[in-house]
Amino acid sequence: MALWGGRFGEETQRDVKLYSESISFDKRLYKHDIAGSKAHVAMLAKQGIIPEASASAIRNELDNICKRIDAGDFTYDISLEDIHMHVESALIGVLGAEGARVHSGRSRNDQVALDFRLYLREAADRLIEGIRNFQRELVTKADAESETILPGFTHLQHAQVVLLAHHLLAYVEMFDRDAERLADCRKRINVMPLGSGALAGSTLPLDRNAVCKELQFERITRNSMDAVADRDFAIEFVSALATMAMHFSRLSEDLILWSSQEFDFIELSDAFCTGSSLMPQKKNPDVCELTRGKTARVYGALTALLTLCKGLPMTYNRDLQEDKVAVFDALDTAEMMLKVYPPMIRDMRVKREKMAAAAADPALMATDLAEKLVELGVPFRDAHHRVGAFVKYCKDRNCGLDEVSLEEMRLTIPEATAGFTAMFDPCESVAKRRIAGGTGFEPVREQLDFWKKRFAEGL
Ligand code: ARG
């Protein structure tokens, strides 16, 4: 009979057990469940709710159970539903009546909220560390490519030349926001719900603040009904992961394009690609494609969580058990991304000469001409129009912007001076973008210094 079986006359149907068990996925909460129970019983004894001897026997046996689970020496049984029941029943199995005191003043509703918060707090710290590690890899690559120039794109059309370092550092910014989002969400994870009971608190003189302190939470939850019903922290957490996955997906899209024959800007290491079962010449950027695909799954988890909560009457409802399926899947996916990408970026071969060749397209410097005209006093709209006409002139004659004499250029740009025909050097174009936050050599060096300093300070 189940631990809650007192008022039941009949065993749960076998398929219903299969339908309702969560042990298959919540077993990963065991350490947190045990840590929570240890703090709970220590408090129960201190408050005189259970005997000191029971508390220490329970704490010892919880340690044994933890070791057994660590060692894989623990049997799971779907009849015991979830991790909470497994630990409790193992405890009672060894300690009998003494063990049966552990659940005093507690419900699985506040217990699961506690376990989940403890678990996600740890996961957030791991993820932040993983993000920092990946940022360091991006910065190292950017540092090595601080003079490499390539075309920057808007609308996937050649736009203006940029430094590869600048492009890579753009991702460092995105991942920085991801780490900040997780750190911010961690504040709301880090609130202690135990003592909320099933929904209404407890008649026992529990010392919630002692448990809070023991488990290093920032504070206790203020409202017991909110405490057992709330999954905002999980939604925020997965939302941060969805945004991070989106960043990985965008980076992947760049890498896929860059490794295509059409761009040919990079080569990913063989260790991160796969071949075709049919076409012998193929080397496919599967890791990057999988990231686009897996990002969809992380979004799915976020949608599942939001949908899970939207129609729930107060307070706890069993629907909430499904939260863990979504969160764990999103978390595992995000952690894999953080594992796979640092070495992939480290081993990525940059084809500098191919990037340089593409960056030599003089049309990439058309904006520089227009801005030069502005410096000479031409209103920008007129300047834009003149350079546009010049581009058209060259296109009609099927020649490059840099293949036209000054006299010819003056047909469309009357203000053009001698220097104008020498403005098609990509390196000079980059060098002129000295503006803060721009792609010039100096501002990019400043960005690199900024990140290196932050990493040296441990962020
Ligand atoms: N396995 C459950 C969950 O994950 C634990 C809480 C069950 N509470 C209950 N009253 N049935 O949500």
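Read the figures in this text as sums done on the coordinates, not as results from a lab. All values reported here derive from a predicted model rather than from experimental measurement. Here Cβ is always computed from backbone atoms with ideal geometry, including for glycine, and neighbour counts include all displayed protein chains.
When M409, M192 are arranged by Cβ crowding within 10 Å, least crowded first, meaning fewest neighbours, the order is M409, M192. Which net charge results for the neighbourhood of R14, defined as the other residues with beta-carbon distances under 13 angstrom from its beta-carbon, given Lys and Arg at +1 and Asp and Glu at -1? Residues close to R14 contribute a combined charge of -4. Sorting 54-60, 230-236 by average packing, meaning the other beta carbons within 10 Å per residue, from highest down gives 230-236, 54-60.
If we count other beta carbons within 10 Å of each Cβ, what is the order of K432, K187, fewest first? Don't skip to the answer; put the middle values down first.
Details: K432 16, K187 12.
With the sparsest Cβ surroundings first, the list reads K187, K432.
Per the Cα gyration tensor, the chain maps to an equivalent ellipsoid with semi-axes of 61, 23, 19 Å, ordered largest to smallest. Between the range 292-357 and the range 410-440, the alpha-carbon centres lie 43 Å apart. Loop-located GluC sites (Glu not before Pro) in the range 374-459 (DSSP state other than H, G, I, E, B) with a sparse environment of at most 13 neighbouring Cβ atoms within 10 Å: E457.
By the rule of a C-alpha distance below 23 Å, with chain neighbours fewer than 8 residues away ignored, the lysines paired with K372 are K392, K395, K432.
Summing charges over all other residues whose Cβ lies under 12 Å from the Cβ of G437, with Lys and Arg as +1 and Asp and Glu as -1, gives -1. Taking every C-alpha pair closer than 8 Å and separated by at least 6 residues, the mean separation divided by the residue count of the range 32-92 gives a relative contact order of 33 percent.
Counting other Cβ atoms within 10 Å as a rough exposure proxy, the listed residues L241, L3, L169 run L3, L169, L241 from fewest neighbours to most.
Each other residue within a Cβ distance under 12 Å of E81 adds +1 if Lys or Arg and -1 if Asp or Glu, for a net charge of -1.
Positive end of the dipole of the chain (Cβ unit charges, origin at the Cα centre): among A422, A358, Y171, the Cα lying farthest that way belongs to Y171. For the chain, return all DSSP H helices satisfying: extent of Cα atoms along own axis at least 15 Å; mean Kyte-Doolittle hydropathy at least 1.0. Those that clear 15 Å and a mean of 1.0 are 83-95.
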